[in-house]
């Protein structure tokens, strides 16, 4: 079957039914998280469960670009993104003042320790420290130089007002939309 690769290539160029309004979350060959309008290559797919949906690249109704998160278990909105190029899953917390990062992840990201910061957690006050995140990517949005805090007891990343305050946030039924600054 000498023509198999050519046939496969031609088949990949044909439109695939059901994929027109789908955005695929894939890992590229370098291991970076990418969003694309075509299915992932089998060899580079890294699958994980998420509530997040990234819309197609067209601008919706003149509102600008947005990312959308669906309400998940326990009424929590989760969103996939990247902090300084590292893929993370975040809980959107409109009541949190800052982007909050667990200590272990802060070490992995090599975030610089700033001033000590007193934080209020679900279990009471804890001591953390201030830091700055160089780059936060949400879908196709990239936000730079974000004030953040490192929390020693955090179970995951919380996307708080240091990010949300620069975005337009809309909630409708079981969806939360974060619009890029215009």
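Odds and ends about this structure:
- Scanning the stretch 79-120 for residues that are in a loop (DSSP other than H, G, I, E, B) and more than 12 Å from the chain's Cα centre (by Cα) returns 93, 94, 95, 96, 97, 98, 110, 111, 112, 113, 114, 115.
- Residue, modelled with the lowest pLDDT, within the stretch 121-139, restricted to residues that are within 17 Å of the chain's Cα centre (by Cα) and surrounded by 16 or more Cβ atoms within 10 Å (Cβ to Cβ): 139
- Residues that are closer than 22 Å to residue 64 by Cβ and either in contact with a strand residue (DSSP E or B) (Cβ under 7 Å, 6 or more places away or on another chain) or surrounded by 13 or more Cβ atoms within 10 Å (Cβ to Cβ) (or both), drawn from the stretch 154-170: 159, 160, 161, 162, 163, 164, 166, 167, 168, 169, 170
- Evaluation of residue 142 against the conditions (1) free of Cβ contacts under 8 Å to residues at least 60 places away in the same chain; (2) within 17 Å of residue 165 (Cβ to Cβ); (3) surrounded by 20 or more Cβ atoms within 10 Å (Cβ to Cβ) shows that the sole unmet condition is (3).
For (1) buried (at least 19 other Cβ atoms within 10 Å of the Cβ); (2) within 22 Å of residue 72 (Cα to Cα); (3) in contact with a helix residue (DSSP H, G or I) (Cβ under 9 Å, 6 or more places away or on another chain); (4) in contact (Cβ under 8 Å) with a residue 40 or more places away in the chain, each residue gets a yes or a no:
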position	(1), (2), (3), (4)
94	no, yes, yes, yes
110	no, no, no, no
118	no, no, no, no
152	no, no, yes, yes
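The values are calculated or read from the model by the stated rules, or taken from the named source; none is laboratory data. All figures in this text were calculated on a predicted structure; none of them were measured in a lab. Note: ideal-geometry Cβ built from the backbone for every residue, glycine included; neighbour counts use all protein chains shown.
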